[in-house]
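Read-outs throughout are calculated quantities, based only on the coordinates presented, and are distinct from any laboratory measurement. All values reported here derive from a predicted model rather than from experimental measurement. Reconstructed Cβ throughout: ideal geometry from the backbone, glycine too, with neighbour counts over all protein chains shown.
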């Protein structure tokens with residue numbers, strides 16, 4: 001199996017954090033994360049963002065921030081798009 005690239009790894013991260021990946025996709029992502037420091041940073045950022053959003057609660061979050069977070073989450077980590 002060929003190791004996935006950063007674009008594909010980032011595209012899988014949100015599903016990975018939600019435990020929504022098939023086992024072969026998890027294996028590919030974890031193999032990539034074992035070799036790519038940049039994507040490990042992306043994963044940690046994604047984890048922290050999810051944690052903060054879940055603790056902040058939507059009612060306490062300004063509407064513009066909530067809308068932006070929802071937009072980013074809806075993209076599901078699609079590669080090639082910048083925030």
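Extending each Cα 7 Å along its Cβ direction at residue 7 and residue 44, get the distance between those two points in nm, one decimal.
A separation of 2.7 nm, rounded to one decimal place.
Compute the projected area of the convex hull of the Cα atoms of region 6-75, averaged over all viewing directions, and report it in nm² to one decimal place.
The directionally averaged projection comes out at 4.9 nm².
Relative contact order for region 6-75: what percent, with Cα pairs under 8 Å and sequence separation of 6 or more? Let's see the in-between values first.
Working: 22 pairs, mean separation 23.2, N = 70.
Worked out over region 6-75, it gives 33 percent.
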